[in-house]
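Chemist: Here it is, the structure, as structure tokens.
The values are calculated or read from the model by the stated rules, or taken from the named source; none is laboratory data. Values in this document were obtained by computation on a predicted structure and should not be read as measured data. With ideal geometry, Cβ positions are generated from the backbone for all residues, glycine too; neighbour counts draw on all protein chains shown. Heads up: the accessible areas ignore ligands, DNA and RNA and are worked out on the full protein's heavy atoms, side chains in. Shrake-Rupley method; radii C 1.70, N 1.55, O 1.52, S 1.80 Å.
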Amino acid sequence: MLSEYKTVYEGGEGEVIEKKSRFIATVIPAGTEEEALAFIESMKKKYWNATHNCFAYVIGERGELQRCSDDGEPGGTAGKPMLDVLNGAELRNVAVVVTRYFGGTLLGTGGLVRAYSSAVREGLASSVIITKIHGVKLHLITDYTGLGKIQYILAQKNLKILDTEYTEKVDLNVLVPENILREVQDDLTEGTNGQVKMQLIQDCYYADINGVPTVLDSVVV
């Protein structure tokens with residue numbers, strides 16, 4: 001299991017025009033090959049009158065499954081360049097279809113590669129791309145005298161508090177990357193002289209979305 005990887009949170013569309021040919025890129029997040037294939041079929045139906053509907057997708061945290069298609073364009077001028085853009089951006093669990101409406105002028109192999117690559121980049125530019133981090137939701141219980149020290153330690157490690165409840169004690173929930181969990185626990189214990197109680201309540205993937213830490217998926221271990 002990777003400690004983090006980049007993916008698409010919300011898909012988008014982008015378009016380039018090359019010598020009157022339109023190249024329309026549609027990007028979506030796709031967690032399985034079935035999702036990617038269903039998306040490709042839906043794009044073929046939506047753009048049924050297009051000259052070509054070329055696609056590429058990368059599935060799996062490590063990009064274990066990768067497929068692409070030129071859909072009738074000269075071999076290697078569409079699908080592979082599209083796939084190269086996805087891999088160059090280090091994206092996982094993503095699918096893209098580039099729809100071409102022929103404008104009457106042949107572009108040549110170099111022109112096609114540039115057009116399809118540029119269309120994918122435009123589609124990604126209009127998408128919301130995030131880094132999913134493998135971590136845990138850590139529940140902290142402290143007295144009021146220890147709160148300031150906890151807040152300081154979390155801020156030093158750039159960890160954001162999800163929520164805080166003030167009663168006789170202070171309850172906090174914070175998302176911590178799994179690869180620094182032990183370090184954070186040790187620092188909190190030392191910083192509060194062992195007065196903080198800690199409980200791991202969820203193993204998950206999370207991401208900062210518009211500056212807000214958000215749990216995305218629970219992890220079954």
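Chemist: Sort out which residues of segment 1-59 are over 16 Å from Ala78 (Cβ atoms) and in a helix (DSSP H, G or I), and write them in order of number.
Modeler: Glu33, Glu34, Glu35, Ala36, Leu37, Ala38, Phe39, Glu41, Ser42, Lys45, Lys46
Chemist: Which residue pairs have Cβ atoms under 6 Å apart, sit 6 or more places apart or on different chains, and have a first residue in segment 33-59 that is without any contact (Cβ under 8 Å) to a residue 40 or more places away in the chain and a second that is part of a helix (DSSP H, G or I)?
Modeler: Going by the 6 Å Cβ cut-off, the qualifying pairs are Tyr57/Ala36; Val58/Leu86; Ile59/Glu33.
Chemist: Considering every residue within segment 137-151, establish whether at least one is charged (D, E, K, R), surrounded by 18 or more Cβ atoms within 10 Å (Cβ to Cβ), in contact with a helix residue (DSSP H, G or I) (Cβ under 8 Å, 6 or more places away or on another chain) and not in a strand (DSSP E or B). Talk me through it step by step, then tell me what you get.
Modeler: Of segment 137-151, the ones charged (D, E, K, R) are 137, 143, 149.
Filter once more, keeping what is surrounded by 18 or more Cβ atoms within 10 Å (Cβ to Cβ): 137, 149.
Remaining after also requiring in contact with a helix residue (DSSP H, G or I) (Cβ under 8 Å, 6 or more places away or on another chain): 149.
After this cut, where a residue has to be not in a strand (DSSP E or B) as well, the list is 149.
Yes, segment 137-151 contains at least one residue that is charged (D, E, K, R), surrounded by 18 or more Cβ atoms within 10 Å (Cβ to Cβ), in contact with a helix residue (DSSP H, G or I) (Cβ under 8 Å, 6 or more places away or on another chain) and not in a strand (DSSP E or B).
Chemist: Mind checking which residues of segment 30-54 are open to solvent by less than 40 Å² (accessible area, probe 1.4 Å) and closer than 18 Å to Glu10 by Cα?
Modeler: Answer for segment 30-54, where residues must be open to solvent by less than 40 Å² (accessible area, probe 1.4 Å) and closer than 18 Å to Glu10 by Cα: Ala30, Ala36, Phe39, Ile40, Met43.
Chemist: Please work out which residue is farthest from Val212 (Cα to Cα), limiting yourself to segment 170-188 and to residues that are of a type outside the set (Lys, Arg) and loosely packed, with under 14 Cβ neighbours inside 10 Å. Walk me through it before giving the result.
Modeler: Kept after step one, since they are of a type outside the set (Lys, Arg), are these residues of segment 170-188: 170-181, 183-188.
Those still in the list that are loosely packed, with under 14 Cβ neighbours inside 10 Å too: 179, 183, 186.
Numbers: Asn179: 20, Glu183: 23, Asp186: 26 Å.
The selected residue is Asp186.
Chemist: Further question on the same structure: Specify the residue that is most open to solvent (accessible area, probe 1.4 Å); the eligible residues are those in segment 55-65 that are on the phi < 0 side of the Ramachandran plot and either out of contact with any Leu (no Cβ under 6 Å at 6 or more places or on another chain) or of a type in the set (D, E, K, R) (or both).
Modeler: Step by step, filter segment 55-65, then rank; the result is Arg62.
Chemist: Here's something else I'd like to know. Here is a list: Thr109, Thr77, Thr105, Thr99. Which entry is surrounded by 19 or more Cβ atoms within 10 Å (Cβ to Cβ) and farther than 17 Å from Thr26 by Cα?
Modeler: Thr77
Chemist: State which residue is least open to solvent (accessible area, probe 1.4 Å) when the search covers only segment 6-29 and only residues that are among the acidic types (Asp, Glu) and touching a strand residue (DSSP E or B) at 6+ places or on another chain (Cβ under 9 Å).
Modeler: Glu15
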